[in-house]
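Written out below as structure tokens is the structure these notes cover.
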Amino acid sequence: MRLQSIELIERRNGFFCFRDRLIPSVRPGDGVGVAVFFNPSPVDQDFAEVLGWQPYLWFPSAKQIEDILKAMDRSDEQTFQMLRTEWEGPRPRKMKVADFV
């Protein structure tokens, strides 16, 4: 698979807001998440032919991982701006002094 794009997608009131469309969310809560979109590559077809099923493969570059981590930091910041409070989750945001000013 090849990386197509890394998108920040807002979730509000049980829906993702993406490109002027509302998409139902399985998880509740408001926030901003990072979505990674892929395009198929020739290696996907090669593995599918040998395995007999379509695996989801990705060989990320260091730059792509950096871009994803930066997007996750931006999503945390935007979620905090949306909620104006800390939230539960695997990436708890650390409040900064500037958040209180």
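The values are calculated or read from the model by the stated rules, or taken from the named source; none is laboratory data. Keep in mind that what you see is a predicted model, and the values were worked out from it rather than measured. Heads up, the Cβs are rebuilt from the backbone with ideal geometry, glycines too, and the neighbour counts pull from every protein chain shown.
Filter the stretch 5-35 down to residues that are aliphatic (A, V, I, L, M) and touching an Asp or Glu at 6+ places or on another chain (Cβ under 8 Å), then give me how many there are.
The initial filter retains those residues of the stretch 5-35 that are aliphatic (A, V, I, L, M), namely 6, 8-9, 22-23, 26, 32, 34-35.
Now restrict to residues that are touching an Asp or Glu at 6+ places or on another chain (Cβ under 8 Å): 6, 32, 34-35.
Of the residues in that region, 4 qualify.
Each residue in the stretch 22-76 was checked for being at pLDDT below 90, over 22 Å from Ser5 (Cβ atoms) and among the hydrophobic types (A, V, I, L, M, F, W, C), and 0 pass. Mind listing just one residue for me: the one in the stretch 80-101 that is at pLDDT below 65 and aliphatic (A, V, I, L, M) and, of those, surrounded by the most Cβ atoms within 10 Å (Cβ to Cβ)? Checking each candidate, the answer is Met95.
Listed here are the strands (runs of 3 or more DSSP E) enclosed by the stretch 1-79 that have at least 1 residues being surrounded by 14 or more Cβ atoms within 10 Å (Cβ to Cβ): 2-12, 15-18, 31-39.
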